[in-house]
Amino acid sequence: MESKEISQAVISRLPRYFRYLGELKDEGIERVSSQELSDIMKVTASQIRQDFNNFGGFGQQGYGYKVEYLYEEIGKILGLDKKHNLVIVGAGNLGQALANYMNFERRGFIFKGLFDNNPELFGRKIKDMTVRPMEELPFFIRENNIDIAVLTIPKTSAVAVAEELVIYGIKGIWNFAHVDLNVPKEIQVENVHLSDSLMKLVYNINRYEQDGSI
């Protein structure tokens, strides 16, 4: 299939498709129509078909989609057919919570190391990892084929750390620091602003209370 530019809006929906299809697969459902997916996901059937057509369609009109096949194909598109090695930079509460979240490994995201600059945390065991000093990070990344770094550190140090991670060979950064990172365009960055999500929730609550719709 010829390579084409896929919009970020479509890409942002792929994990939801993957999650719901996984649930259908676990329930033993073998086929699903775009309308049935629409009812579950609250996305129009037309939008679902348009999204899937970006990748070749996957289905047949009047026949629906094979759940397991579609689940596997979307997993491949998302890169979940191979494992990704990650390190967490920042062993505070958020970093520890992410390290302890078991579902990541089921999706092929393997946390290999946990780093911090606080000597009081050095040597602490989090899950099956030991908190290491930042000085060990460059060697650890090279020796363990790390491709993704998770930043759970204050924004005052995040920019400098991100620049170092690029030098060390990191391909992607999952950024929980509330700051924009200055990295080369080939380094993929996904920013997670928890407060933004909470503010969006509050906005929708207020809007619904005012006019009864969202």
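Would region 163-177 turn up any residue that is over 24 Å from Leu80 (Cα atoms), buried (at least 20 other Cβ atoms within 10 Å of the Cβ) and at pLDDT below 95? Taking every residue of region 163-177 in turn, at least one turns out to be over 24 Å from Leu80 (Cα atoms), buried (at least 20 other Cβ atoms within 10 Å of the Cβ) and at pLDDT below 95.
So which residues in region 106-144 are out of contact with any strand residue (DSSP E or B) (no Cβ under 8 Å at 6 or more places or on another chain) and under 30 Å from Glu23 (Cβ atoms)? Of everything in region 106-144, those that are out of contact with any strand residue (DSSP E or B) (no Cβ under 8 Å at 6 or more places or on another chain) and under 30 Å from Glu23 (Cβ atoms) turn out to be Arg106, Arg107, Asp128. Checking each residue in region 1-23 for being out of contact with any Phe, Trp or Tyr (no Cβ under 8 Å at 6 or more places or on another chain), surrounded by 14 or more Cβ atoms within 10 Å (Cβ to Cβ) and of a type in the set (A, V, I, L, M) picks out Val10, Leu14.
Tell me the residue from Ile110, Ile126 that is touching a helix residue (DSSP H, G or I) at 6+ places or on another chain (Cβ under 6 Å) and within 19 Å of Trp174 (Cβ to Cβ), please.
Numbers: Ile110 fails: touching a helix residue (DSSP H, G or I) at 6+ places or on another chain (Cβ under 6 Å).
Every option except Ile126 fails the conditions.
Residues of region 87-108 being part of a helix (DSSP H, G or I), hydrophobic (A, V, I, L, M, F, W, C) and either open to solvent by 40 Å² or more (accessible area, probe 1.4 Å) or under 21 Å from His178 (Cβ atoms) (or both), which ones? Selection gives Leu94, Ala97, Leu98, Ala99.
When Glu120 is tested against the conditions (1) under 22 Å from Asn145 (Cα atoms); (2) at pLDDT 90 or above; (3) among the acidic types (Asp, Glu), the lone failure is (1).
The values are calculated or read from the model by the stated rules, or taken from the named source; none is laboratory data. Everything quoted here is computed from the prediction, not taken from an experiment. All Cβ positions, glycine included, derive from the backbone under ideal geometry; neighbour counts span all protein chains shown. Areas reflect the complete protein model, heavy atoms only, side chains present, ligands, DNA and RNA absent. Shrake-Rupley method; radii C 1.70, N 1.55, O 1.52, S 1.80 Å.
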